[in-house]
1. Tally up the residues in the stretch 255-288 that are touching a helix residue (DSSP H, G or I) at 6+ places or on another chain (Cβ under 6 Å), under 14 Å from residue 220 (Cα atoms) and either buried (at least 22 other Cβ atoms within 10 Å of the Cβ) or without any contact (Cβ under 8 Å) to a residue 12 or more places away in the chain (or both), please.
2. Do we find that residue 214 is in the same structural domain as residue 178 (by TED's automatic domain parsing), surrounded by 18 or more Cβ atoms within 10 Å (Cβ to Cβ), without any contact (Cβ under 8 Å) to a residue 40 or more places away in the chain and touching a helix residue (DSSP H, G or I) at 6+ places or on another chain (Cβ under 6 Å) in this structure?
3. Could you run through the stretch 87-138 and say how many residues are assigned to a helix (DSSP H, G or I) and more than 23 Å from residue 77 (Cα to Cα)?
4. Within the stretch 188-198, work out how many residues are free of Cβ contacts under 8 Å to residues at least 60 places away in the same chain and outside any loop (DSSP other than H, G, I, E, B).
5. For the stretch 223-245, how many residues are buried (at least 17 other Cβ atoms within 10 Å of the Cβ) and assigned to a helix (DSSP H, G or I)?
6. Being assigned to a helix (DSSP H, G or I) and either at pLDDT 95 or above or on the phi > 0 side of the Ramachandran plot (or both) is the filter here, so list the residues in the stretch 139-171 that pass it.
7. With a cut-off of at least 3 residues that are modelled with pLDDT of 95 or more and closer than 19 Å to residue 215 by Cβ, name the helices (runs of 4 or more DSSP H) lying wholly within the stretch 281-350.
8. Quick check: anything in the stretch 304-316 under 27 Å from residue 238 (Cα atoms) and either without any contact (Cβ under 8 Å) to a residue 24 or more places away in the chain or touching a strand residue (DSSP E or B) at 6+ places or on another chain (Cβ under 6 Å) (or both)?
């Protein structure tokens, strides 16, 4: 990980300790045949949301999976999340396996016909319809076991974030913001990505290009969520950010539209003031960006009416012992955060 994107060490340790599920969840195995997945897909019961990572397997890898099924080799199961109200199944692990099977049944791979590639000679170059009857029947009846998970309490989908996170164990693990994109994708997440491209914001965080791992998008979320509710903040920070995104997602369309416009106006206005009035890299207290300084200064400027003395007051703030201590030690502790935010408002509003 690029050092400039690392969170404060105390905050990082806290997040690791707080990874505890506090939901009532049930799960059960389901022996679904490959043809069963195709049927559920065609009926719209199985969904792979648009916010998921794209289908990334090439034709050779997908062919090897089909070959494994034809040979009767064991294939890891998948995880599905069941919506209790609609009975639809969201794929939270196993997208590539399920889609590869469906693509083969449908004789399509991107814009080409799905012909098996780099497999045993008896199957090389064949489509599903060109297989012998015995092979087609075997594929139809092959079971790809699913673990079906559903949340019983509370009556929402808040646990899916933690389930997705815990299942995310292969390859390059998704970070918290990448998981939020999967779980909470929608109009609000699109706003976060839009605001992350703001020229003044890019200048303030001293990053001309957007981060591919969405760590700068998480900073936008942090600024907006703490501006909204810093007085009622409770650690851990990761859970607080999750809850804020869930709250926006639960709003009515009308409420969400108004809230999103207010956040857009606030963010752009604050970034404009900060870029105009403060020195370059105002959040870089010790050579790299300090998230605690960023969130508290952002909130203070969003709350003060008179910015006439902002530049001078900023210099006072970054030398203030109370502010520096709360911006560098136990930064995501509830009491520490409250003191930091209160002190930033007091000093910057003079």
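The values are calculated or read from the model by the stated rules, or taken from the named source; none is laboratory data. Worth saying up front: this structure is predicted, and the values here are computed from it rather than measured. Reconstructed Cβ throughout: ideal geometry from the backbone, glycine too, with neighbour counts over all protein chains shown.
1. 4
2. yes
3. 4
4. 4
5. Residues in the stretch 223-245 being buried (at least 17 other Cβ atoms within 10 Å of the Cβ) and assigned to a helix (DSSP H, G or I): 15 in total.
6. Answer for the stretch 139-171, where residues must be assigned to a helix (DSSP H, G or I) and either at pLDDT 95 or above or on the phi > 0 side of the Ramachandran plot (or both): 139, 140, 141.
7. 291-303
8. Checked against the condition, which is being under 27 Å from residue 238 (Cα atoms) and either without any contact (Cβ under 8 Å) to a residue 24 or more places away in the chain or touching a strand residue (DSSP E or B) at 6+ places or on another chain (Cβ under 6 Å) (or both), the stretch 304-316 yields no hits at all.
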